[in-house]
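Written out below as structure tokens is the structure these notes cover.
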Amino acid sequence: MIGRVWRRFGALDRIRIGLLVLGIGFVPTGLLPWDAALESLDEIGPLLVFLVAIIVLAELTKEAQVFDTIAARMAVLGRGNYVALFFLCTAFASFITIFLNLDTTAVLLTPVMLALAPKARIAALPLAMTTIWLANTASLLLPVSNLTNLLGMNKIGLDAQEFAARMWAPQLASIAMTMVFLWVFYWRRGERRDLRYTPPVVEPVTDRVLFTAASAGCLLFIALLLLKAHVAVAATAAAAIVAGAFLVRARERLTWRLIPWQLVIFVTGLFLVVPTLSRHGLSDLMTWMIGAEGDPYRTAAVGAGLSNLINNLPAYKAVETVIPAVDQDHLLALLAGTNVGPVITPWASLATLLWFESCRRHDVKVPMRRFLLTGAGLAVAGVLVTVWALVEFR
């Protein structure tokens, strides 16, 4: 019975569950003291609340056809001009990433854009690369934009507005560099082959009430962030409004599948495993890698390199442990590396893993050699200009 259930899980799910079991196992063995485990779990409590709420909000917003409608109207607004569509797509993907988390862009916006491609006779790969690259590189501006930002907020000691005040220049720099790479390697005519595209027909919204409620929920979430509400409170309030509308209008869509249990398990396991490893030699290795000089470029490079080697979440947590809380610039440079840099390997971020699965379901072939090489170029150039902006515009 247990064996049959276990075989139903995919490889990624097994890794996540294994990570949690491993982390829990460290406690009774004494490798991770009980007090340290409780402290770590207490730290991620609000983070997990936010994670569940924002994913539920994003999933229901997609079900209410908000993303589909915006994407279709965006394509119509471009009037068949690829340059106009390029700027509209990059702006849309950046906005969703900044305000609704990178996983929303990678997991929910990608299928919307890929479904739009055949309707407008647009090449699918440029749209797909736009969502995944900007899901990572546009995730610097707000704490909610990336899980790594949320992981570091307590130590960095900035609220949402203060964080944005420090990161606006690095964010603009990373988005600008991403746009350059997107246009040169995927969007220009020599790559896409078509001169113009066919604007799609905008289909009517099935349920106007759900559409309005979902739109209002997203706007409320953004407004609460601007009012300095805690991210968990803001996301929960917005998700509750949208879920309430679905409870009245389409109760059958409120299923347990909305709960991102995979991410909850992964993050919980991560916060048990990394502190344990840090106590047993990992911290010494990280200290040696980033050096004692406090060089932001070196710190960002280490974060980017480790992200592409082992995934950006454990990479950030491992390096953050050895950086003092008073060294705010050093911590922000690490975020630049672990947010902008994970664009080379398919496992560099959870968003990229989920994005590849979405491309597979939509029969979009991603040339791996091209993905790796262009991603490597973007990682190097993107991290360099992002850290430069962080240093120059303090």
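Of note:
- Among residues of the stretch 19-48, those that are without any contact (Cβ under 8 Å) to a residue 40 or more places away in the chain and assigned to a helix (DSSP H, G or I), counted: 9
- The numbered conditions (1) without any contact (Cβ under 8 Å) to a residue 12 or more places away in the chain; (2) buried (at least 17 other Cβ atoms within 10 Å of the Cβ); (3) not aromatic (Phe, Trp, Tyr) are all true for Leu147 except (1).
- One residue alone among Ala213, Ala250 is touching a Leu at 6+ places or on another chain (Cβ under 7 Å) and farther than 30 Å from Ala165 by Cα, and that residue is Ala250.
- Residue within the stretch 71-84 that is in contact with a Gly (Cβ under 6 Å, 6 or more places away or on another chain), of a type outside the set (Ser, Thr, Tyr) and either surrounded by fewer than 21 Cβ atoms within 10 Å (Cβ to Cβ) or farther than 16 Å from Ile222 by Cβ (or both) present: yes
- Residue in the stretch 332-355 that is out of contact with any Asp or Glu (no Cβ under 7 Å at 6 or more places or on another chain), more than 22 Å from Thr299 (Cβ to Cβ) and among the small types (Gly, Ala, Ser) present: no
- Residue check, Trp183 out of contact with any strand residue (DSSP E or B) (no Cβ under 6 Å at 6 or more places or on another chain), aromatic (Phe, Trp, Tyr) and crowded, with 16+ Cβ neighbours inside 10 Å: yes
- When the stretch 60-70 is filtered for residues that are outside any helix (DSSP H, G or I) and either surrounded by fewer than 23 Cβ atoms within 10 Å (Cβ to Cβ) or not hydrophobic (A, V, I, L, M, F, W, C) (or both), only Gln65 remains.
- The condition of being part of a helix (DSSP H, G or I), under 17 Å from the mean Cα position of the chain (by Cα), modelled with pLDDT under 85 and of a type in the set (A, V, I, L, M) holds for only one of Leu57, Leu51, that being Leu51.
The values are calculated or read from the model by the stated rules, or taken from the named source; none is laboratory data. These numbers were taken from a predicted model, which means no experiment stands behind them. As a convention, Cβ positions derive from the backbone with ideal geometry for all residues, glycine included, and neighbour counts pool all protein chains shown.
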